[in-house]
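This report refers to the structure that appears directly beneath it.
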Amino acid sequence: MTTAFDEKQTIGLLKKLVETPSPSGYTEKVMKLIAEELDDIAVPYKKTNKGAIIATIEGTDTARHRLLTAHTDTLGAMVKEIKSDGRLKLDMIGGFRWNAVEGEYCLIHTASGKEVRGTILMHQTSVHVYKNAGTAERSAANIEVRIDEKVTDAKGTRALGIEVGDFVSFDPRFEVTDNGFIKSRHLDDKASTALLLGLIRSLKDGKVELPHTTHFYISNNEEIGYGGNSNIPEETVEYIAVDMGAIGDGQTSDEYTVSICAKDSSGPYHYALTQQLTGLCKEGNIPFKLDIYPFYGSDASAAIRAGFDVKHALFGPGIESSHALERTHTDSLKASAQLLRAYVVSAMME
């Protein structure tokens, strides 16, 4: 019998996803991985001009469609300047803070396809040289990449093929603990992407007949604000963003339940649809938390801003330390998978 959550398969796919570099704007490799997964499942899909993928499973009701989305693009950086000593200044891709990546190993992706290793550091790192090593501002002016090559000037760095505009990805450091914690960068939103692909596989393997035609939109520009705001089938009535729950002071979300968002920086999500999701959790004994994320936006809110007439909602696994060294637990993945399954097999409210 096919279950809503195959832990081993989901975690294996998640590892492959997070270890495939994909800062926003540089997502070809990860989207190729998504396409290969969908080919293996044998579900039809199309590619958009922006590089996203939309898979579709036909349902009994072909007039009113559902759409669920997750995104594969992550935080990252671009080479802003090659300094006179051969090191690199960076410009951010996505909303993180420099202290969140200080000390991280990284890859510089050159236009030729060559990848060069490096480390993201403060210029004033050595406490034996810089009196202000601990107090200097963590900023674009002070953060740099130390390249793991014998270079001492800009000419030497350029000889490696490195140029302004090259993408820089952060090492994920994926790890699963014996007690079920998953630690890695880029769980936002590759955890949800793995869950959506797992759902598609379970539906196809189980030959499940859905009540409504359902689209699975894997977007690749969410971190910069416009991943899922186009190519939405006109029959779509309900739009679900499957994305992380934010954890911190004043939040109800945790790493052991599915987080359902009532409101974020874009405003309230559709009340009736949100209540339907909480009702499904109560009926199915799925552990959940209802929450508000004050500094957050999603592909669902991007679709609303773009003018689409849909009911929109947001839920997903709780992610600790978002946009930094993230962590979740298999309990949260399981609860999110259960709600996903319960939602797609239920009928829409009139």
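Structure values in brief
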read-out: The chain: most fluctuating residue of Val258, Val145, Val129 per GNM, C-alpha cutoff 10 Å; value: Val129
read-out: Peptide ranges 49-62, 15-28 listed from the most packed, as the mean C-beta count within 10 angstrom indicates; value: 15-28, 49-62
read-out: Extended-chain gain in nm, criterion 0.36 nm per residue less alpha-carbon gap, Asp91 and Asp40; value: 14.6 nm
read-out: Cα→Cβ-extended label distance, 7 Å offset, between Lys47 and Glu350, nm; value: 4.4 nm
read-out: Segment Ser139-Ser126, length gained on full extension (0.36 nm per residue, minus Cα span); value: 3.0 nm
read-out: Förster-model FRET efficiency, 35 Å R0, Ser84 and Glu19, C-beta, rounded to 0.05; value: 0.55
read-out: Relative contact order [Cα under 8 Å, 6+ residues apart], segment 77-170, whole percent; value: 43 percent
read-out: Segments 274-285, 78-89 sorted - mean Cβ within 10 Å per residue, highest first; value: 78-89, 274-285
read-out: Trypsin sites (Lys or Arg not before Pro) restricted to DSSP loop in segment 103-174 with at most 15 other C-beta within 10 Å; value: Lys114, Lys131, Arg138, Lys150, Arg173
read-out: Dipole in debye (nearest 20) - the chain, about Cα centre, beta carbon charges: Lys, Arg +1; Asp, Glu -1; value: 580 debye
read-out: Of Lys15/Lys207; Lys47/Lys183; Lys89/Lys190; Lys89/Lys114; Lys16/Lys311, those spanning more than 21 Å from alpha-carbon to alpha-carbon; value: Lys15/Lys207; Lys47/Lys183; Lys89/Lys190; Lys16/Lys311
read-out: Length released on extending from Lys114 to Asp178, taking residue separation times 0.36 nm less the Cα-Cα span; value: 19.4 nm
read-out: The chain - share of DSSP beta bridges that are antiparallel (%, nearest 5); value: 60 percent
read-out: Pair Asp309, Arg64: separation of 7 Å Cα→Cβ label points (nm); value: 1.5 nm
read-out: Protection-proxy order for peptides 223-232, 194-203, each taking the mean of Cβ atoms within 10 Å per residue, highest first; value: 194-203, 223-232
read-out: Distance (nanometres) between label positions extended 7 Å along Cα→Cβ at Glu234 and Phe295; value: 4.1 nm
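Read-outs: derived from the displayed coordinates by stated rules, not from any lab. Computed from a prediction, not measured in an experiment: that's the story for all the values here. All Cβ positions, glycine included, derive from the backbone under ideal geometry; neighbour counts span all protein chains shown.
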